[in-house]
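Beneath this line is the structure, given in structure tokens, with notes to follow.
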Amino acid sequence: MSEPERIGKYEVRGRLGEGATSTVWLAWDPFLRREVAIKVIHPEVLNDPERGRLYRHLLANEASLAGKLQHPHIAQIHDAVIDETQGYIVVEYVAGGTLEPYCAPDSLLPLDRLVEIIFKCTRALDYACRLGITHRDIKPANILLAGGGDIKITDFGAALFSSANQTRTQVSGVGSPAYMSPQQVRELPLDHQTDIYSLGVVMYQLITGRLPFQASNNYSMVYQITSTEPPPPSDFRRDLPAALEAVVARAMEKELAARYASWGEFSHDLAQAFRSRQLQVPEEGFADTEKYETLRGLPFFAEFSDVEIWEIVRFSDWQRLAPDAVIMRDGEPGDHFCFLAEGEVRIAKHGHLLGVLAPGDCFGEMAVIGKSGGSRNADAITRTAAKIITIRGDALRQASDACRMHFYAAFLEVLSARLARANTRLASAAASL
């Protein structure tokens, strides 16, 4: 297929890839001034009576999600054109390529990086699941690598919708056989557990550099998926912790009752590998998985959405401090506030202890939201080894409206609780006079 100068209003800049049914072009949107990726269905496919009907359906399926999947780990769908002569969809351009190059034995990812990728996939697919969407075609080619260690799930053309107002008929036989669940290859009714199985296959392949089932044709593949067990991934990667092997095995269970019932369970077991330090993560570093799980577990962030939690993961700073480390000094300027994730911090003024903070407490926020001119009102010093999360005032001011409003609402609750405790102490002191 020769390179066109334009596709609709978009200026073509080069070819990103080509398959049996479509070509993907890198293009420029002159109106919004951004790069985009455009998947164009080949004309001969559209002109075929059967395949044309199928691929128009898939494009319409994906186009119906434009503007609906707002998640940092899902590629945004911008635009689509579907008519008798052409069919294309315009999506967010992600420069890092797909996971496919890391599915070979000589180019495997480190285990900690691999687990972070799968963890982010579980959270993105859980978000889609909550909207009533099952992807149905999870595979390395549909997971893109973005900057800063992030990923983007793409290609929702085969997606199944469970929302009450969705009237489009489910298309059978869509997807990549090697990644299909036993229920999908049998064309049984499907839900999110089919995506859990498929992501388990992706995890197996990223760990080992091979698919769990090797077959020369689809019939043999289907038989193995439904009737045989794959070799344990530790047969091919000796450094694999037993806990991660158990995660893969449970995600790929043939029977629904034995497979993970929810994305939350899948995510929890992946995060546990970081909590228990089974993966070799630098002591001074923090994996995004650990950051997400820590924030999600703090009461302050209970009302924040997953999307907002990921936003905070990006703009927060994390550090481990030894006992007696000074975090803030009385009277010093500062445009940031902190959360105590682990350990204890003592708050003091002029050498007098005012209180001891426990995990989950925030401190220093008045210098950011109050009128103290950015000056600290007390010393904050670690009492034990501690994990500190720092949020800069400028980062908070540049956060999304929803994220920022949740912060201010949570601050009000914190201040209200402090006022209530102060009133209780004053009442007790008065009663003792």
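The values are calculated or read from the model by the stated rules, or taken from the named source; none is laboratory data. All values reported here derive from a predicted model rather than from experimental measurement. A quick note on method: Cβ atoms are made from the backbone with ideal geometry, for glycine too, and the neighbour counts reach across all protein chains shown.
Brief remarks on what is shown
- Within the stretch 32-56, tally of residues that are under 29 Å from the mean Cα position of the chain (by Cα) and surrounded by fewer than 17 Cβ atoms within 10 Å (Cβ to Cβ): 4
- Among the candidates R123, R136, R130, residue that is surrounded by fewer than 16 Cβ atoms within 10 Å (Cβ to Cβ) and outside the structural domain of V24 (by TED's automatic domain parsing): R130
- Identification of helices (runs of 4 or more DSSP H) wholly contained in the stretch 174-229 with 2 or more residues that are touching a residue at least 60 places away in the same chain (Cβ under 8 Å) yields 182-185, 192-208.
- Filter result (touching a residue at least 40 places away in the same chain (Cβ under 8 Å) and farther than 13 Å from R6 by Cα) within the stretch 40-52: I41, H42, P43, L46
- The set of residues in the stretch 352-373 that are at pLDDT below 85, out of contact with any Ser or Thr (no Cβ under 8 Å at 6 or more places or on another chain) and surrounded by fewer than 19 Cβ atoms within 10 Å (Cβ to Cβ) comprises I369, G370, K371, S372, G373.
- Some residue of the stretch 366-375 being in a strand (DSSP E or B) and closer than 28 Å to D288 by Cβ: no
- In this entry, T384 passes the filter for residues that are surrounded by fewer than 20 Cβ atoms within 10 Å (Cβ to Cβ) and touching a Pro at 6+ places or on another chain (Cβ under 8 Å).
- Candidates in the stretch 328-351 are the residues that are assigned to a strand (DSSP E or B) and touching a Ser or Thr at 6+ places or on another chain (Cβ under 7 Å); of these, the one that is farthest from R392 (Cα to Cα) is V345.
- For the stretch 71-90, the condition of being touching a Gly at 6+ places or on another chain (Cβ under 8 Å) and among the aromatic types (F, W, Y) holds for at least one residue.
- Within the span defined as the stretch 332-342, one or more residues are modelled with pLDDT under 85 and in contact with a Lys or Arg (Cβ under 6 Å, 6 or more places away or on another chain).
- In the stretch 1-31, residue farthest from A146 (Cα to Cα) [restricted to those that are among the aliphatic types (A, V, I, L, M) and either surrounded by 11 or more Cβ atoms within 10 Å (Cβ to Cβ) or touching a Ser or Thr at 6+ places or on another chain (Cβ under 9 Å) (or both)]: M1
- Test result for A249, in a helix (DSSP H, G or I) and assigned by TED's automatic domain parsing to the domain that holds R136: yes
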